[in-house]
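Data block below; observations after.
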């Protein structure tokens, strides 16, 4: 056992003391537990029957029969299912727009010396050091007539200076020879971007896409600011209202399984909403995770 | 969206007229024509970004003039409202709620500088000392994860763990103790928000330190070990100096950002603990400007924050240069 662990060390490195290693393992285990335990118990509670939740008197730690009742109830209720649709739509459309605009912009900024390169770059970089403020932004969105429009959830946050800079740094690292030879062969800028630059930048584009998608899926404040009509609420607002604040779900709108009673949502239902909110991140995450370091380091070094 | 279609659609416009928003206006001057002919596709590509940044960043930034106005959106708007100079600012500094927001913000920043800032560094060192690559990758995957949760979700999760009906209280009650509701306790609020920040972002924060650690030349460690430096001395004399530029960089960024504490985080929990401990700069702008319709007043607070933040980051960067560090940007 001891031999095996030591084998990963360099020859000059002294093995740690037993106490040190046990302590380290314990700390790491606690850290893992602090992330995984809440997720585990939340998902498990969402899958437990009302009786189990009542018997335990709170979150369920030991599985005792799995049921999808809470999910069935949520999706028979139009509030949550519509919010899921809204969030999905905003995330998909928003990410497509953000990624398109950022990739084009970053590519346009990736060659110093071109026309208006400096003012446009300055325009973007200044976003890092100064924030125009909540109220002028709000007034701008309102004066464009975007209040209560899904576009208010997309356009104001469509361009992230950080993501543009990360993409630009990556594009600038692509060998000039490749781009020059394509140009000699008569390729236009759009074709160069599409056929040469993007295929070489799949990883960083994926990471930036994830950043944008997560931002849209999670966005709460913009929705609270601009969306008054509760039928247009994205999931984050539903989460706030029914899970954090325990407001009663408007069961009058239910229809099929409508009991007509106005009661705070049960714990299982709350946890089912939380699970739905976490789920996309959990699904996409493993595919993109290995690229994080690449994307982020370049941004940090060149930014 | 095919590249060909895009190219065709823009070539139908004469090059001199493809100029997108603002910055391209001067493009028709003669000396530029050759450059314009060569670079106009790049300008077309930059156009959507420039339009969005102009609409939602530059125009609002200029819209801050309402901070100097008795702004009324219904009669006059931004052009017709009377200019009242610094009255809004004068009123601001006499507003006890504003003073409290400033004090709270700075207090929380200072507290988190001590109790949050070192956590990712320590965690990175801990992760870096895990020998098995696969185990390390697994732990990294787990600790990065909460960064991708929204603040609503984090608050909801903390509520389920530490709230009055949460898991901890539930376990305490099962063993005959009375449960504590950390979520509504204003005395421990600063601990709560720091714990939430650590849970959400400390793991993600390790990335940049781990990257810096991986660039330290392993021969340095070997040479030091041969010279008799043991684990802790190697960390002190090699690892920490290797991390210094990154630490300074992030410290500068944090100081320049001193007036920003998690906005959503505080908005979400303001109701539960009251405004006395949870009012920070941004929530003040929201509650005293936007919600009351006193836009000029709120904009004054926002502008004050933006300008102080700008000054802070410039000063911090200058200090870093003076200390011989690279800083955030250099004069180039």
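Numbers for the structure displayed
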read-out	value
All positions within the stretch B:268-282 that are within 11 Å of chain A (Cβ to nearest Cβ) and buried (at least 22 other Cβ atoms within 10 Å of the Cβ)	B:268, B:269, B:281, B:282
Residue in the stretch B:69-81 that is farthest from the other protein chains (Cβ to nearest Cβ), counting only those that are in contact with a helix residue (DSSP H, G or I) (Cβ under 9 Å, 6 or more places away or on another chain) and without any contact (Cβ under 8 Å) to a residue 24 or more places away in the chain	B:72
Among (1) within 20 Å of residue A:207 (Cα to Cα); (2) more than 7 Å from chain B (Cβ to nearest Cβ); (3) in contact with a helix residue (DSSP H, G or I) (Cβ under 6 Å, 6 or more places away or on another chain), the one test that residue A:104 misses	(2)
Single match in B:46, B:3, B:27 (criterion: crowded, with 21+ Cβ neighbours inside 10 Å and at pLDDT below 90)	B:27
Odd one out for residue A:181 among (1) more than 10 Å from every other protein chain (Cβ to nearest Cβ); (2) under 20 Å from residue B:286 (Cα atoms)	(2)
Any pair with Cβ under 7 angstrom, 6 or more apart, that starts in the stretch A:120-145 at a residue that is more than 8 Å from every other protein chain (Cβ to nearest Cβ) and ends at one that is outside any helix (DSSP H, G or I)	A:121/A:109
Failed item, numbered, when residue B:78 is tested on (1) assigned by TED's automatic domain parsing to the domain that holds residue B:143; (2) surrounded by 14 or more Cβ atoms within 10 Å (Cβ to Cβ)	(1)
Only listed residue being surrounded by fewer than 18 Cβ atoms within 10 Å (Cβ to Cβ), at pLDDT 50 or above and more than 10 Å from chain A (Cβ to nearest Cβ), chosen from B:59, B:84	B:84
Filter pass, residue B:157 being within 30 Å of residue B:234 (Cβ to Cβ), crowded, with 18+ Cβ neighbours inside 10 Å and facing chain A (nearest Cβ under 8 Å)	no
Where residue A:233 falls short, out of the listed (1) in contact (Cβ under 8 Å) with a residue 12 or more places away in the chain; (2) crowded, with 21+ Cβ neighbours inside 10 Å; (3) more than 20 Å from residue B:264 (Cα to Cα)	(3)
Residue among B:131, B:142 that is within 16 Å of residue A:29 (Cα to Cα), assigned by TED's automatic domain parsing to the domain that holds residue B:245 and not in a helix (DSSP H, G or I)	B:131
Residue within the stretch A:284-303 that is modelled with pLDDT of 75 or more and exposed (fewer than 13 other Cβ atoms within 10 Å of the Cβ) present	yes
Conditions (1) within 10 Å of chain B (Cβ to nearest Cβ); (2) modelled with pLDDT of 90 or more: number failed by residue A:88	(1)
Residue within the stretch B:268-281 that is over 15 Å from the mean Cα position of the chain (by Cα), closer than 26 Å to residue B:70 by Cβ and either in the same structural domain as residue B:155 (by TED's automatic domain parsing) or assigned to a helix (DSSP H, G or I) (or both) present	yes
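The values are calculated or read from the model by the stated rules, or taken from the named source; none is laboratory data. Note that the structure is predicted; figures quoted are calculated from it, not measured. Positions of Cβ are generated from backbone atoms using ideal geometry, with glycine treated the same way; all protein chains shown enter the neighbour counts.
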